[in-house]
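The values are calculated or read from the model by the stated rules, or taken from the named source; none is laboratory data. The structure displayed is predicted, hence computed values, not measured ones. Cβ placement follows ideal geometry from the backbone for every residue including glycine, while neighbour counts extend to all protein chains displayed. With ligands, DNA and RNA removed, areas are computed over all heavy atoms of the protein, side chains included. Shrake-Rupley method; radii C 1.70, N 1.55, O 1.52, S 1.80 Å.
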Amino acid sequence: MAKSKREAIIQAAKQLFQVQGYHATGINQIIEESGAPKGSLYYHFPNGKEEIAIAAIDSVKVEVRQELEQLLAGCDDPIEAMQAQLLHVAEKVFGDQPDFRIGLLASESANLNENIREACKNAYEEWIATDTDYLMKKGYTKESARQTAVLFHILIEGAMTMSITYKDASYFQLVAEQIPKIVKNI
């Protein structure tokens, strides 16, 4: 029971942070959206909104890593794997229930909150490591695999920013089409 209230708080915070951003979201809104009593919020998150944001980031980090591992397990070709990831992210960004995006929170908070910035960095590092491991299993050297994975995540974030700004998912498709050229030149 306690876990479900904690999870309800995290899910409500993720949704509010996604829609309004970190700074525009208040504790009272999180309580209201989660349906959890105020005492539960402070029981599970005694340090308040920052702690909730870090829990939301950690939740997304695990969810994305699991999705990534599942997607990569079904792809033998690294180019197809990267293209599949791009299209998967596009689907999540433009789906009925857009997912919480770490980049949005990182951009908003990086200069103001070192703990949130570090949590975002840890999430990116875990996803990059997942792609790096996959590429190494496909024959890339450790250095080449890491460089490719980092570049790939930069491309995902850029495609996401452009797609959101223009309300046009075709930026993901454009990057997906260019992946063979990029990968061959690394």
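List every residue pair whose Cβ atoms lie under 7 Å apart, where the two residues are 6 or more positions apart in sequence or sit on different chains, the first residue falls within region 164-184 and is over 17 Å from ALA84 (Cβ atoms), and the second residue, located anywhere, is open to solvent by less than 50 Å² (accessible area, probe 1.4 Å).
ILE164/VAL93
If only one of ARG101, ARG117 is at pLDDT 90 or above, out of contact with any Asp or Glu (no Cβ under 6 Å at 6 or more places or on another chain) and of a type in the set (D, E, K, R), which one is it?
ARG117
Return the total of residues in region 170-186 being under 16 Å from PHE94 (Cβ atoms) and crowded, with 19+ Cβ neighbours inside 10 Å.
4
Are any residues in region 17-33 in a helix (DSSP H, G or I) and open to solvent by less than 20 Å² (accessible area, probe 1.4 Å), and if so, which ones?
Selection gives PHE17, ILE30.
Considering only region 19-41, state which residues are out of contact with any helix residue (DSSP H, G or I) (no Cβ under 6 Å at 6 or more places or on another chain) and touching a residue at least 60 places away in the same chain (Cβ under 8 Å).
HIS23, the sole residue that qualifies.
Any idea which of GLU91, GLU125, GLU143 is open to solvent by 50 Å² or more (accessible area, probe 1.4 Å) and either at pLDDT below 95 or in contact with a Phe, Trp or Tyr (Cβ under 7 Å, 6 or more places away or on another chain) (or both)?
Of the residues listed, the single one that is open to solvent by 50 Å² or more (accessible area, probe 1.4 Å) and either at pLDDT below 95 or in contact with a Phe, Trp or Tyr (Cβ under 7 Å, 6 or more places away or on another chain) (or both) is GLU91.
On the given criteria, is ALA81 part of a helix (DSSP H, G or I), of a type outside the set (D, E, K, R) and within 20 Å of ALA159 (Cα to Cα)?
So ALA81 fits the description; yes.
The rows are residues; the columns are (1) in contact with a strand residue (DSSP E or B) (Cβ under 8 Å, 6 or more places away or on another chain); (2) under 24 Å from MET160 (Cβ atoms); (3) among the aliphatic types (A, V, I, L, M).
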residue: LEU41; (1), (2), (3): no, no, yes
residue: HIS44; (1), (2), (3): no, no, no
residue: ILE57; (1), (2), (3): no, yes, yes
residue: ASP76; (1), (2), (3): no, no, no
residue: ILE79; (1), (2), (3): no, yes, yes
residue: LYS92; (1), (2), (3): no, yes, no
residue: ASP96; (1), (2), (3): no, yes, no
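State all residues of region 126-140 that are in contact with a Ser or Thr (Cβ under 9 Å, 6 or more places away or on another chain) and among the β-branched types (Val, Ile, Thr); if no residue qualifies, say none.
THR132 - this is the single residue of region 126-140 that is in contact with a Ser or Thr (Cβ under 9 Å, 6 or more places away or on another chain) and among the β-branched types (Val, Ile, Thr).
On the phi < 0 side of the Ramachandran plot and crowded, with 16+ Cβ neighbours inside 10 Å: is that true of PHE100 in this structure?
The answer is yes for PHE100.
From ALA13, ALA36, grab the single residue that is assigned to a loop (DSSP other than H, G, I, E, B) and surrounded by 14 or more Cβ atoms within 10 Å (Cβ to Cβ).
The conditions single out ALA36.
Quick check: is even one residue across region 42-50 charged (D, E, K, R), open to solvent by less than 30 Å² (accessible area, probe 1.4 Å), within 22 Å of ASN122 (Cα to Cα) and assigned to a helix (DSSP H, G or I)?
No; the residues of region 42-50 include none that is charged (D, E, K, R), open to solvent by less than 30 Å² (accessible area, probe 1.4 Å), within 22 Å of ASN122 (Cα to Cα) and assigned to a helix (DSSP H, G or I).
Scan region 51-77 for residues that are of a type in the set (Val, Ile, Thr) and either in contact with a Cys (Cβ under 7 Å, 6 or more places away or on another chain) or surrounded by fewer than 14 Cβ atoms within 10 Å (Cβ to Cβ) (or both) and report the count.
So the answer is 2.
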